[in-house]
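The values are calculated or read from the model by the stated rules, or taken from the named source; none is laboratory data. Everything numeric in this text was worked out from a predicted model, so none of it was measured. Glycine gets a Cβ as well: all are built from the backbone with ideal geometry, and neighbour counts include every protein chain shown.
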Amino acid sequence: MTQITFEHVVKRFGSVTAVNDVSLTVGDGEFVALLGPSGCGKTTTLRLVAGLEFADSGRVLIGERDVTRLPPRARDVAMVFQDYALYPHMTLLENIGYPLKVRGVGKQERVERVTEVAQQLQIGDLLDRRPGQISGGQQQRASVARAVVHQALCFLFDEPLSNLDAQLRLEARAFLKHLQHELGVTTVYVTHDQAEAMALADRIVVMNFGRVMQIGAPLEVYRRPANTFVASFIGSPPMNLLAGTVDLGRGMFRLNGEEPAIDMSALFRRLNGKLTDGQTITLGVRPEHLMPQIEPSPGAIPAQVYAVQPMGGEVLIVVRVARKLVSVRLFRDEPPDLPHEVWLVPDLNMSYAYDADGNLLQ
Amino acid sequence: MNSFLMRSWLARALLFAFSVIIAAFFVTPLLWLITAPFNTQANLAVTIPSNPSLANFEAVYNNKFAMRALFQNNLIIGGGVMVLVAGVATMASYGLSRTHVPGRDVLVYVLILFSSVVSGTAAMVPIFLLVFRLGLIDTYAGVILVMTGGLLPSAIFIMRDFIDSIPRSYEEAALVCGASSLRVFRDVALPMVRPGVVVVAIWAFVNAWGAFLIPSVLLRSPDRMPASIASYSFYTEAGTPNLTLLSAYAFLYTIPVLVLYLIVNWRFGFRFFGGIKS
């Protein structure tokens, strides 16, 4: 049973608070992705688990053990680094076998275990090469092999795919997910790529400015972002956010003082009692929940077509609404024939309202 | 147009002449060093010996004092300084590079400043007294320690550049693999800074090899004198150099340093010169 627990962890670098009161639990065998823009504290959080940084306050637990003050070697974790950190002066055999060598495993057993893991990861015939003599994808596998060769309590990944080209990244992504499933080892995975986090993780922790913005299963985070930061970070293109004022009496929503007001009484009824008349809110709608129509209708938002982008399996239409660009996604291969003036019908069951602080109203 | 061409031609000719003079200035002594030892009647002129002979080397070889200075004392002092400077500088600069000591950079710059401003010559009297009190006058250890002390600040400065250029993640990976700090240094950091260690070691060796002042002040017995002092045995009592023998001795004096450079060139290819290897 290896679960990783953070209890009110704070880490400061000088005047910068890199990790600000983070509490979370990674369950046994769970794959959790830490997601956020650069400088949000996700890598520091990971390094706090590894013991490469020490918390200023709060506790870090691996399993039942408090490891807050323990050095890395007392924690028994395995980590894959962004630059792989394969030792250039050692062969792959020595590199992958290094955690075993440090733990005093005999040479014979070391060679056997490294060979077994390397074959499993399809780098079995490269073991006498040095890191400089193999490709980026092979280096990535070698660094994963070094992590899995000894049975560590948990795996830590620090953006392990960001140095691969797009094609290899997709391959490696599937490979990592498959491997983690097979081994069933508790995993924390740091990435700034929301698609990677969605594809890999059982749960996503979205971070910004050292704080946890939302924790949830990928689809939960995608469907119901807890705040406008998560809404604008997850999804490609992200959720459309439209600011406006509420006219409760008439059930109308006015986009930043623009005319005409739009009938949103269905949404307001769902948020019964949460809204006040004249309140400024931000409406959040995913691109796939906006339906373009060529005729006006009640509740439709007037828009002008800006660009139509066929993507193969889907069509991405960018339109202009109240001087802002809004994305619309249609799941069809043929781009529709649209006039310049269109009306967007939002699916109000899949639309959300955020208050002035950016938090979800529910 | 014509005058313009003329002027540019003239400029090039002047530049060429200037280069020749500069080159001659540096090359002539080297030519002398190569030709004179094989000439039985060498003077200060560079002449290709009409009848090259090894007689000079034989005479030098028979000077037991000079030979011991070169092939025993110089190797002991040079080797000792090389090992101490490289070892201490590597560990010190690793520590300075990898730990967060307040005022660390200031400390390093003050060290460098002091070592370049306060030269060994100026500090010779206190150094002599210190070595005397320690009972290390007329010992190899005294010479080696004083020279090591003089070379260390610059050596640390050079090494820190090498160590700073190595990404921390290599060492962090080893730490997470379960290695202790000492083990990380031995298994990961040290092999990666090896080119830097070699540069510093050779630099220290060459410095010790040619040193004159410190051994001449700290050593007493002829048995322990290095070659730079022993070369005076090829001067007459009136102070006139015997150029014939001196040139042969100087030739032998340069060979170990040359050999060292060639070995390093063969092993490391000099790729580390010009700063940091990628």
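Scan B:Val206, B:Val199, B:Val146, B:Val176 and give me the residue that is within 30 Å of A:Val102 (Cβ to Cβ) and modelled with pLDDT of 90 or more.
Working: B:Val206 fails: within 30 Å of A:Val102 (Cβ to Cβ); B:Val199 fails: modelled with pLDDT of 90 or more; B:Val146 fails: within 30 Å of A:Val102 (Cβ to Cβ).
Testing whether each residue is within 30 Å of A:Val102 (Cβ to Cβ) and modelled with pLDDT of 90 or more leaves just B:Val176.
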* **region A:149-199, subset surrounded by fewer than 17 Cβ atoms within 10 Å (Cβ to Cβ), of a type in the set (Gly, Ala, Ser) and modelled with pLDDT of 90 or more, residue farthest from A:Ser232 (Cα to Cα)** => A:Gly184
* To do: Would you please list the contacts, defined by Cβ atoms under 7 Å and residues six or more apart or on different chains, that run from a residue in region B:51-71 that is of a type in the set (Val, Ile, Thr) to a residue that is assigned to a helix (DSSP H, G or I)?
  => B:Val60/B:Ala66; B:Val60/B:Leu245; B:Val60/B:Ala248; B:Val60/B:Tyr249; B:Val60/B:Leu252
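Evaluate the following for A:Ala145: is it in a loop (DSSP other than H, G, I, E, B), within 13 Å of chain B (Cβ to nearest Cβ) and under 25 Å from A:Phe31 (Cα atoms)?
Details: in a loop (DSSP other than H, G, I, E, B): no; within 13 Å of chain B (Cβ to nearest Cβ): yes; under 25 Å from A:Phe31 (Cα atoms): yes.
Answer is no for this residue.
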* Asked: Regarding B:Met147, is this residue surrounded by 15 or more Cβ atoms within 10 Å (Cβ to Cβ) and farther than 30 Å from A:Leu86 by Cα?
  -> yes
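Say whether the condition of being more than 14 Å from chain A (Cβ to nearest Cβ) and under 16 Å from B:Leu145 (Cα atoms) is met by at least one residue in region B:227-246.
Just the residues of region B:227-246 that are more than 14 Å from chain A (Cβ to nearest Cβ), to begin with: B:227-246.
The next check asks that each one be under 16 Å from B:Leu145 (Cα atoms); those that pass are none.
Within region B:227-246, not a single residue is more than 14 Å from chain A (Cβ to nearest Cβ) and under 16 Å from B:Leu145 (Cα atoms).
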* Complete set of residues in region A:45-99 that are away from chain B (no Cβ under 13 Å), touching a strand residue (DSSP E or B) at 6+ places or on another chain (Cβ under 6 Å) and not in a strand (DSSP E or B) -> A:Thr45, A:Ala55, A:Asp56, A:Thr68
* Only one of (1) within 21 Å of A:Arg224 (Cβ to Cβ); (2) assigned to a loop (DSSP other than H, G, I, E, B); (3) touching a strand residue (DSSP E or B) at 6+ places or on another chain (Cβ under 8 Å) is not met by A:Gly273, so which one is it? -> (3)
* Of these, B:Val131, B:Val176, B:Val125, which one is assigned by TED's automatic domain parsing to the domain that holds B:Gly87 and under 23 Å from B:Gly79 (Cα atoms)? -> B:Val131
* Asked: When only residues in region A:200-235 that are within 26 Å of A:Ala174 (Cβ to Cβ) and of a type in the set (Phe, Trp, Tyr) count, which is surrounded by the most Cβ atoms within 10 Å (Cβ to Cβ)?
  -> A:Phe233
* **Any hit, region A:29-40, residues being touching a residue at least 24 places away in the same chain (Cβ under 8 Å) and within 14 Å of chain B (Cβ to nearest Cβ)** => no
* Structure fact -> Those helices (runs of 4 or more DSSP H) completely within region B:166-278 that have 3 or more residues that are touching a helix residue (DSSP H, G or I) at 6+ places or on another chain (Cβ under 6 Å) are B:168-176, B:194-209, B:213-218, B:227-230, B:243-268
* **Residues that are more than 19 Å from A:Arg146 (Cα to Cα), of a type in the set (A, V, I, L, M, F, W, C) and either more than 14 Å from chain A (Cβ to nearest Cβ) or over 32 Å from the mean Cα position of the chain (by Cα) (or both), drawn from region B:163-181** => B:Ile163
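Can you tell which of A:Val60, A:Val67 is under 23 Å from the mean Cα position of the chain (by Cα) and either assigned by TED's automatic domain parsing to the domain that holds A:Asp202 or without any contact (Cβ under 8 Å) to a residue 24 or more places away in the chain (or both)? Let's see the steps before the verdict.
Details: A:Val67 fails: under 23 Å from the mean Cα position of the chain (by Cα).
Criteria check complete, one pass: A:Val60.
To keep it simple, each residue is scored yes or no on (1) more than 14 Å from the chain's Cα centre (by Cα); (2) free of Cβ contacts under 8 Å to residues at least 24 places away in the same chain.
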{"position": "A:Asp193", "(1), (2)": "no, no"}
{"position": "A:Met198", "(1), (2)": "no, no"}
{"position": "A:Met207", "(1), (2)": "no, no"}
{"position": "A:Ile215", "(1), (2)": "no, no"}
{"position": "A:Pro225", "(1), (2)": "no, no"}
{"position": "A:Gly244", "(1), (2)": "yes, no"}
{"position": "A:Asp247", "(1), (2)": "yes, no"}
{"position": "A:Arg250", "(1), (2)": "yes, yes"}
